Each structure stands twice: as structure tokens, then as C-alpha cells.
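**Q** The structure that follows is given in the form of C-alpha cells.
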Amino acid sequence: MTLAAPMQELRASYAFVERNINLTKRYWGWEVVWMLYTIANSLAVVFIAQSVNTAVGEDVLTKATEQELILFLAIGALVWHYLAVVFETVSDMISWERWEGTIEYTFMAPVKRSTHMVGTALFSLVYGLIHTAVVLVVIVVVFGLDMENANYLSATLVLVVGSLSLVGIGIMGAILPLLFPEKGSQMTHVVQAALVLVSGVYIKASEMPEPLATMSVFSPARYVIDGIRGALVDGKGVVDVAPTLVGLFISGAVLIPVGVYVFSIGERYAKRTGRLKRNG
Amino acid sequence: MTTNPATTATAPQMEAPMTTATLAEPAHTPARPLSDTIAVEVNDVTKVFTSRPGLFNRKKIGKRVVAVDHISLTVHKGEIFGVLGPNGTGKSTLIRLMSTLLMPDTGSVRIFGFDVEKDEAEVKRLINRVSVEASFFKKLSPMENLMYGARLYSVEPGLARRRIAEILRSLGIEEHSIWSPMEDMSRGMQQKVAIARAFLTAPVLLLLDEPTTGLDPHSKREVQAAVREIRATHDATVLLTTHDMQEADELCDRIAIVDTGRVVALDTPAALKAIVREPGGPEPSLEDVFLKLTGKKLEDADKVD
């Protein structure tokens, strides 16, 4: 078995990474706006923890428990932002190309669809990590969080390995704008909203009401968020989060090929019905 | 640097004609031997589009459009083959079927012996397409857009950068425009960049879907010269759709006239005109041929469409 073909596909996947980097540079003004929006959004969530005592009119939270709640919400907001960036970048790969009018050019190119998706996913991971790191720094500075106990290595590992599952779900989500040119992009937000609801972003999954608690068992995002809370709050090391890493890796290893397969069915349907056309 | 006489003779406006040296070699090894003489073989192809009733509005009536109606044609290697007809007669659908962007409902399309459905990967390595609307990332520069294309087609990046600049300059794109966003360029310039992108990957079959529609006469001549150039210098086969009679007459070796999804005539421009030539009468045009064969003028057919 020769490695030449996979290497050629890997090199071709860089086309999508480089293209997205160039687009990010060209849209730098909007990137700044997006970053400010993300920071504002995350701060708004975390401020809830600071306002609890004022809202109920008595000191139900001590200073220490208030800090714990701040950290709990901050991690939820940050991790969800990261996972949302990965999911959106992958699922929007079709709607973006359709909007630009390049969808037919890209689909006519001699690269496998998996190469297209790997390139898009690689970019989304790096972009998401940079974005999240900036927001994390702002939150730590604004709220004066004590992160001495945090284990950043295991947190990053959980985040990156956990992203694989979201890439798989994102690829399946990308079918929606492929098959429904007018409203498919908005429909991916429904998938995203369902994930945020059942993944224990702002409430512990174990404390969610039924049937949400049962549904959360099937959400990979739940294990990513739990794993990162363990790493950043409890300082769990790589060995401690290893079972989570293995589970997330298996989940990603299943969901990505399933996503590519489901997408290929959608692509064939789009080619039969003429839905690849640039304007829908 | 060699000059192609065909280009300079017919398009003196082109500042620096393309040369073979500016074209990248195809980065592929076909899985099977290519057909020696037949570039495109369309065999009894039909394509029908059906719009379904709305999901929430079942009363909305679905529409059925026969875009390609049992078309058969053969394009020989090295030809410039024209598909001539008014808007909405299935020309673009035919090109999309050849580009692997659509699947035929019935019949088959083969490119150099490869079936567009079964051998999609092989077909994709042999073709490139320029559409009526230049499809680019508008915020990116021509260099960035073409580098994206070069990587997709496995052209070595260093070589691609040099050749992109060469090809764009040869098509009259100014140096500063090479690095500026595409959205700052005129449509004619964008279309030339689209042609350059197709040249960069050195396709053996170039599919041009109304590449000169909406261009000013000067840009139109430059694009037409570029088409002749790629055939002359790179032994490429060109399939061109157009509703410009003069363009088809001047550029194409053979022409298929299509109307309502069907081929109504297929021959050389001279042979087609001979159909309507009257003894002692004026030299007929392809417009006369179209009128005779379809019973309508091309402009009228466009308006109805």
C-alpha cells in the first residue's frame, strides 16, 4: 500500500486551510466584531453568578461558592463557544460556498469530499482554539479567577479530542444547506440548540430533568464539558481524564466516517436533483 | 517565449499571448488508457428537474422541466465544439452533466472514455469549467483564489505562484490587481481570471459555459483569443456554450444547435449555413439557420425564456 495518495489528499486538504486563513485575514474587521460579540456573550453569562446574591436579596453564596459558580459558568460558556465554532465552521462549509458562488467549482475539483472536510475541520480546530484562548484570558482578568489548580494540558487534550465528534455531527449538519439551499443554514442552528440543551453547558447534566438527562448521555459535548471542568476546576491530569479521552476518541472515530458517508448520500441526491447550483 | 500565430492574427488586442510554458502539466495518471480520438460522448441523455410541493404548503404545485431531452453528440479530441441556443434550452445543464455536477436521468456521458458517474474522480482530473458567472471568493485576490485552485488540482505551490502571475499578466491583468480583492475588478477582468484559473490546471477538456456573456467587445475578443490559444498550445479540446451566433461561427469547428433541450442540427458552421443558402442569395448567418430550424429568432427565444 502506497502512502502517496493519502499524502496528496492531505496536501490538498491544506487548500481549505489556506483559503480559510486568507478569508479570515480579508474579513479581519468582522473577525474583531465577532470576537467582541463572543466576549460580551461570555461575560453576560458569567455575570449571572455575580448577581445571584443581589437577585435573591440575601447572601446565599459565600465568596468561595460564588467563585466556583463563576468558574462553572465560564467553562460552560467557553467550551460551548469552542464547540459551536467547530460545529458552525464545518456545517457552514456548504452555505458559505453557495453564498460566494464557488460551490460548483469546489465540488468539480479532483479532491475527495473527505479531504474537503478534513481541511475545513483542521482550520476550525485552530481557529476555535485561538478564539477560546482569547476569551478565556479576558474572563480570567475580568473576574480575577484563581486558575492555579487548572491542568491546561489535559483540558486542551479533552477539547481537541472531543472536537472530533462535533466535526462528525457538523459534517452531517452540512447536508442541510446542501439539500435546502434557502433555509438549510438556519436549520443547522436547530441542531446546535438541541446540543446546547442536552449537554450540560450551564447545568450539570446529572441534574437535568428527564428526558433531557437521558438524552445527554448520547451527547459527546456533555463529556467534553465534564472533562474540561474536571481538568480546570479539580486539576485532573491526563491519566485521570484518560477514560474520557478514550471515549471521546471512539465517538469521533465513529461519527466522522458516519458523517462523511451520510454526506455522500446527500451529495448524490443533490447531484440528481440539481441542488448544487450556486443560487439554490 | 513563442508566439502563437493564430492568437496574434485574430486578437491583436491581447498584450502578451499565452505560451505553452505557462501551463502546468496535469498532475494525474489515468487509471485506464484515454480514448484516442473521442473527447466527449453524450449518449441519449435526459435530464428532468422536478420541483416538489412545499413542505408546509401542499397546495403549491410541483413543476416539471425537461432540460435535456434525449441528446446524443460526440466531440472529437482537439475540437472547439459549440453548443448554440437561447437561454433555458439546456446548454448549461449539458455542461453540468459533463462536469460531474449533475447526474443524468437516462443515458450516459463519457469523457475520454471515462463515465461521469462511475469514474467521477478520473473525469474531474481531466476537465475544468468556466461558467457564465465568475465564481470566486470575492474578498480574496486573484492570486489567493488561483492558489486555492492550484492546491486542489495538485499543482506544486512554488510553481503555481510563478505561473499564476505569468498567466494573469499574459491576459492583461495589471500587477496591482493580482493582489487586490476580486470584488474590485470589472466583470470582464474577473472572467479573464476565471479563464486563467482553468489554464493553470491544464485541462485536456475545457468546458466554457457562455464565457463571454456580458463582456464588452474588447474583453470578448481577448477571451476568444485565449480559447484559441489553449487549443493551439496545449492540444486541449474545448466545448463552448453560447447564444452569440457570431462567436460560434468564428470560434467553433462544429456546432450543435439546441432548442428546448434537443439537438436540432449538428455540423460545421459552413455546412449549417448551406442548409439555408439560396442560389444567388446573400451569405446566410447562423441566425438564419436557427430561424429556419426552430421557426423562431434567437432573441425572441431568449425573451420567451
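**Q** Can you tell me which residue among A:132, A:106, A:65 is in a helix (DSSP H, G or I), without any contact (Cβ under 8 Å) to a residue 12 or more places away in the chain and touching a His at 6+ places or on another chain (Cβ under 8 Å)?
**A** Only one candidate qualifies: A:106.
**Q** Outside any helix (DSSP H, G or I), of a type outside the set (S, T, N, Q) and at the interface with chain B (Cβ under 10 Å from one of its Cβ atoms): is that true of residue A:111 in this structure?
**A** Here the answer is yes, as residue A:111 does meet what is asked.
**Q** If the requirement is being away from chain A (no Cβ under 14 Å) and open to solvent by 20 Å² or more (accessible area, probe 1.4 Å), which of these qualifies: B:41, B:120?
**A** B:41
To keep it simple, each residue is scored yes or no on (1) in contact with a strand residue (DSSP E or B) (Cβ under 7 Å, 6 or more places away or on another chain); (2) assigned to a helix (DSSP H, G or I); (3) farther than 19 Å from residue B:40 by Cβ.
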{"residue": "B:238", "(1), (2), (3)": "yes, no, no"}
{"residue": "B:256", "(1), (2), (3)": "yes, no, no"}
{"residue": "B:274", "(1), (2), (3)": "no, yes, yes"}
{"residue": "B:279", "(1), (2), (3)": "no, no, yes"}
{"residue": "B:282", "(1), (2), (3)": "no, no, yes"}
{"residue": "B:293", "(1), (2), (3)": "yes, yes, yes"}
{"residue": "B:296", "(1), (2), (3)": "no, no, yes"}
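**Q** Quick check: anything in region A:162-184 in contact with a Leu (Cβ under 6 Å, 6 or more places away or on another chain) and modelled with pLDDT under 80?
**A** Yes, there is a match, as at least one residue in region A:162-184 is in contact with a Leu (Cβ under 6 Å, 6 or more places away or on another chain) and modelled with pLDDT under 80.
**Q** Only residues that are in contact with a Ser or Thr (Cβ under 9 Å, 6 or more places away or on another chain), away from chain A (no Cβ under 13 Å), of a type in the set (A, V, I, L, M) and assigned to a helix (DSSP H, G or I): list them for region B:130-187, please.
**A** Correct list: B:167, B:168, B:178.
**Q** Select from region A:1-56 the residues that are among the aromatic types (Phe, Trp, Tyr) and open to solvent by less than 70 Å² (accessible area, probe 1.4 Å) and write down the one among them that is farthest from the chain's Cα centre (by Cα).
**A** A:27
**Q** Let me ask another. Considering only region B:252-295, how many residues are touching a Leu at 6+ places or on another chain (Cβ under 8 Å), in contact (Cβ under 8 Å) with a residue 60 or more places away in the chain and open to solvent by less than 40 Å² (accessible area, probe 1.4 Å)?
**A** Residues that pass the stated criteria total 8.
**Q** Filter region A:68-103 for residues that are within 25 Å of residue A:163 (Cα to Cα) and part of a loop (DSSP other than H, G, I, E, B) and give the result.
**A** Answer for region A:68-103, where residues must be within 25 Å of residue A:163 (Cα to Cα) and part of a loop (DSSP other than H, G, I, E, B): just A:92.
**Q** Take the residues in region A:197-206 that are open to solvent by 70 Å² or more (accessible area, probe 1.4 Å) and in a helix (DSSP H, G or I), then tell me which one is nearest to residue A:147 (Cα to Cα).
**A** Filtering region A:197-206 for residues that are open to solvent by 70 Å² or more (accessible area, probe 1.4 Å) and in a helix (DSSP H, G or I), the one nearest to residue A:147 (Cα to Cα) comes out as A:206.
**Q** Among the residues of region B:188-210 satisfying the criterion of being aliphatic (A, V, I, L, M) and part of a helix (DSSP H, G or I), which is farthest from residue B:111 (Cα to Cα)?
**A** The extreme case among them is B:189.
**Q** Still on this model: Going residue by residue through region A:92-113, is there one that turns out to be in contact with a helix residue (DSSP H, G or I) (Cβ under 6 Å, 6 or more places away or on another chain), hydrophobic (A, V, I, L, M, F, W, C) and farther than 30 Å from residue B:95 by Cβ?
**A** No: region A:92-113 contains no residue that is in contact with a helix residue (DSSP H, G or I) (Cβ under 6 Å, 6 or more places away or on another chain), hydrophobic (A, V, I, L, M, F, W, C) and farther than 30 Å from residue B:95 by Cβ.
**Q** In region A:1-57, which residues are in contact (Cβ under 8 Å) with a residue 40 or more places away in the chain, hydroxyl-bearing (Ser, Thr, Tyr) and within 14 Å of chain B (Cβ to nearest Cβ)?
**A** Hits for region A:1-57 are A:13, A:14, A:24.
Residue-wise test of (1) over 30 Å from residue B:116 (Cα atoms); (2) within 14 Å of chain B (Cβ to nearest Cβ); (3) surrounded by fewer than 22 Cβ atoms within 10 Å (Cβ to Cβ).
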position: A:87; (1), (2), (3): yes, no, no
position: A:93; (1), (2), (3): no, yes, no
position: A:116; (1), (2), (3): no, yes, no
position: A:121; (1), (2), (3): no, no, no
position: A:146; (1), (2), (3): yes, no, yes
position: A:149; (1), (2), (3): yes, no, yes
position: A:154; (1), (2), (3): yes, no, no
position: A:157; (1), (2), (3): yes, no, yes
position: A:174; (1), (2), (3): no, no, no
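**Q** Is there a residue being over 30 Å from residue B:65 (Cα atoms), touching a Gly at 6+ places or on another chain (Cβ under 8 Å) and surrounded by fewer than 20 Cβ atoms within 10 Å (Cβ to Cβ) anywhere in region B:235-251?
**A** Yes: one or more hits.
**Q** Go through (1) farther than 28 Å from residue B:96 by Cα; (2) over 18 Å from the mean Cα position of the chain (by Cα) and name the single condition residue A:225 misses.
**A** Every condition holds for residue A:225 apart from (2).
**Q** With the requirement that a residue be more than 10 Å from chain A (Cβ to nearest Cβ) and either open to solvent by 10 Å² or more (accessible area, probe 1.4 Å) or acidic (Asp, Glu) (or both), what does region B:92-109 give you?
**A** Passing the criteria: B:106, B:107, B:108.
**Q** Tell me, which residue of region B:44-86 that is modelled with pLDDT of 85 or more, open to solvent by 40 Å² or more (accessible area, probe 1.4 Å) and among the aliphatic types (A, V, I, L, M) is nearest to residue B:115 (Cα to Cα)?
**A** Of everything passing the filter in region B:44-86, B:66 is nearest to residue B:115 (Cα to Cα).
The values are calculated or read from the model by the stated rules, or taken from the named source; none is laboratory data. If you're wondering where the values come from, they're calculated on a predicted model, not measured in any experiment. Note: ideal-geometry Cβ built from the backbone for every residue, glycine included; neighbour counts use all protein chains shown. Surface accessibility is based on the protein's heavy atoms, side chains included, excluding ligands, DNA and RNA. Shrake-Rupley method; radii C 1.70, N 1.55, O 1.52, S 1.80 Å.
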